[in-house]
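Asks: Mind looking over this structure? Questions follow.
The values are calculated or read from the model by the stated rules, or taken from the named source; none is laboratory data. A quick note: this is a predicted structure, and the numbers were derived from the prediction, not measured. Here the Cβ positions follow ideal geometry from the backbone for every residue, glycine too, while neighbour counts run over all protein chains shown.
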Amino acid sequence: MQLNPAGRQRGAVVAWVLYDWAYGAFNTVVATFVFATYFTRAVAADPATGAAQWAGAQTTAGLLIALLAAPLGALADRGGRRRAMLAAATVVMTLCTFALWFVHPRVADVGLALGLVVTATVAFEVACLFYNAMLPGLSAPGRIGRLSMLAWGAGYGGGLCCLSLCLVVLIWPAVPPFGLDAGQSEPVRATALLAGVWLSLFAWPVCVFVPDAGTRIAWGVAARAGSRELGATLAAVARQPGLGRFLAARLFYMDGLTTLFAFGGIYAAGEFGLDAKQVLIFGIGLNVTAGLGALGFALLEDRIGAKATVLASVLGLAALAVAVLLVRDPAWFWGLGLALGVFVGPAQAASRSLMARMAPAEARAAWFGLFALSGRVTAFFGPLALGMVTALLHSQRAGMAVIPVFLALGAALLAGVASPPAEVGAPRTGDHGDQPGDLRQEQQRWE
């Protein structure tokens, strides 16, 4: 049965939101709570060495993303292949996630673990570039913030559900299920298999139901046109100091957030002695508060503005991060750590919707390439600084102190950025409109 335009538009929105739900599993299981903790506690020589090695891997991933993000975005804009490139990056991320099963609890597997994590992280960020570029075409300008925040809430919901399954099915049972060998950490390693299945089940609809942008042309022609577009985009940034300041601010506060995500579970295990079960429970609680925070800000952002939402969230994160580092009592750590989650989703989702309002329709992936670049070009600074301080002082607590510094610097820069009107990034005169519920008009505007 053929769907009418309104039905196809709703299907596209649902498929787009579902991708956030899918990659929430990668964020929680691989990047933050389970595999990162397993690596530092069971694979690396010792937790401090593991934290420094994990920082090096994140540094490498950040440099690769910085090199790839903007050129790939421009290529996707001119080649009409956002969906194909999103699908390819998602497949790489999923396969690397499955392959983490082969990382055994031995120092000899450190190289394998870090290689897979670097490749998966780069693929994840590249996929998000194309995914984020789809946002403006799915919502009227005045509701971009709401859709972005709701999708981010779905991401935390997906991460929560996947983490809960990992805990209940694989980690919690006294007798490991499916004949898994606890002596070889197979219940923990199997969480990567579960995350891979999760990605396989829920990531594909966005590549089928969300219309592609532009007319598909040959790769060589697209690459040349994309290079010209990238140059024009960079020149446009130079002519807009407010946009440049926003991207510079994002350099710093995303360094802080990236470092927080990468080392939060490691810090909890190393400083407060949380075992694998407790780290999973903490991750579940953090996803609950983060999801509630994203949903709570969903309606508020379109009223107070994306910039005000980001600024309030980053300041809240900085204050709570300082408090977490000062406490020694595990109960205080749990309370303050869970409170951090309230501001994580709004800081990221509002940044995405702010960029969506600024990006012109014909070059969205290129602009989101710069957006990804601003979140990754210096992303190695945070892990590098953390790794250096941790190695120098042999203290995870001292290393984690770099996080509120980066957050505060980002907030200071962002405070000087003028809030854009809701209409920035909306269709210009002569476009076919951007009304939800009319996919034919949206498709015409994209093509």
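Asks: Mind checking which pairs have a first residue in the stretch 372-399 that is closer than 18 Å to C128 by Cα and a second that is at pLDDT 65 or above and β-branched (V, I, T), Cβ under 7 Å, 6 or more apart or different chains?
Replies: Pairs that qualify, where the first residue is closer than 18 Å to C128 by Cα and the partner is at pLDDT 65 or above and β-branched (V, I, T), are A372/I65; R376/I65; A379/T258.
Asks: Hey, among the residues in the stretch 140-151 that are farther than 20 Å from S200 by Cβ and modelled with pLDDT of 75 or more, which one's surrounded by the most Cβ atoms within 10 Å (Cβ to Cβ)?
Replies: The selected residue is S148.
Asks: Name the single residue, out of those in the stretch 158-176 being part of a helix (DSSP H, G or I), of a type outside the set (A, V, I, L, M) and surrounded by fewer than 20 Cβ atoms within 10 Å (Cβ to Cβ), that is nearest to the chain's Cα centre (by Cα).
Replies: If we take residues in the stretch 158-176 being part of a helix (DSSP H, G or I), of a type outside the set (A, V, I, L, M) and surrounded by fewer than 20 Cβ atoms within 10 Å (Cβ to Cβ), then C161 is nearest to the chain's Cα centre (by Cα).
Asks: Looking only at the stretch 296-318, how many residues end up being crowded, with 18+ Cβ neighbours inside 10 Å and aliphatic (A, V, I, L, M)?
Replies: So the first thing to find is which residues in the stretch 296-318 are crowded, with 18+ Cβ neighbours inside 10 Å, and the list is 297-298, 301-302, 305-307, 309-318.
Still in the running and aliphatic (A, V, I, L, M): 298, 306, 310-312, 314-315, 317-318.
The total comes to 9.
Asks: Check V197 against each of (1) over 23 Å from V208 (Cα atoms); (2) surrounded by fewer than 22 Cβ atoms within 10 Å (Cβ to Cβ); (3) free of Cβ contacts under 8 Å to residues at least 60 places away in the same chain and name the one condition it does not meet.
Replies: So V197 meets the others, but not (1).
Asks: On to the next question. Which numbered condition in (1) modelled with pLDDT under 95; (2) touching an Asp or Glu at 6+ places or on another chain (Cβ under 7 Å) is the only one that V103 fails?
Replies: Answer for V103: the failing condition is (1).
Asks: Would you point out the residue of the stretch 177-192, among those that are on the phi < 0 side of the Ramachandran plot and crowded, with 16+ Cβ neighbours inside 10 Å, that is nearest to the chain's Cα centre (by Cα)?
Replies: Ranking the candidates gives A192 first.
Asks: Turning to a different aspect of this structure: Which one of these does V92 not meet: (1) modelled with pLDDT of 90 or more; (2) crowded, with 23+ Cβ neighbours inside 10 Å?
Replies: (2)
Asks: If you check every pair at least six apart or on different chains, which have Cβ atoms under 8 Å apart with a residue in the stretch 25-52 that is over 15 Å from Y156 (Cα atoms) first and a residue that is of a type in the set (D, E, K, R) and assigned to a loop (DSSP other than H, G, I, E, B) second?
Replies: V43/R106
Asks: Okay, moving on. What pairs come up if the first residue lies in the stretch 170-187 and is closer than 22 Å to V107 by Cβ, the second is at pLDDT 90 or above and part of a loop (DSSP other than H, G, I, E, B), and their beta carbons are under 7 Å apart, counting only those six or more places apart or on different chains?
Replies: Q184/H104; Q184/P105; S185/P105; E186/L180; P187/L180
Asks: Suppose we keep only residues that are over 10 Å from G293 (Cβ atoms) and not hydrophobic (A, V, I, L, M, F, W, C) within the stretch 319-351. Which one would you say is surrounded by the most Cβ atoms within 10 Å (Cβ to Cβ)?
Replies: Our first condition is that a residue be over 10 Å from G293 (Cβ atoms); within the stretch 319-351, this holds for 319-338, 348, 350-351.
The next check asks that each one be not hydrophobic (A, V, I, L, M, F, W, C); those that pass are 328-330, 335, 337, 348, 351.
On the way: R328: 9, D329: 9, P330: 15, G335: 13, G337: 23, Q348: 21, S351: 28.
So, considering only residues that are over 10 Å from G293 (Cβ atoms) and not hydrophobic (A, V, I, L, M, F, W, C), the one surrounded by the most Cβ atoms within 10 Å (Cβ to Cβ) is S351.
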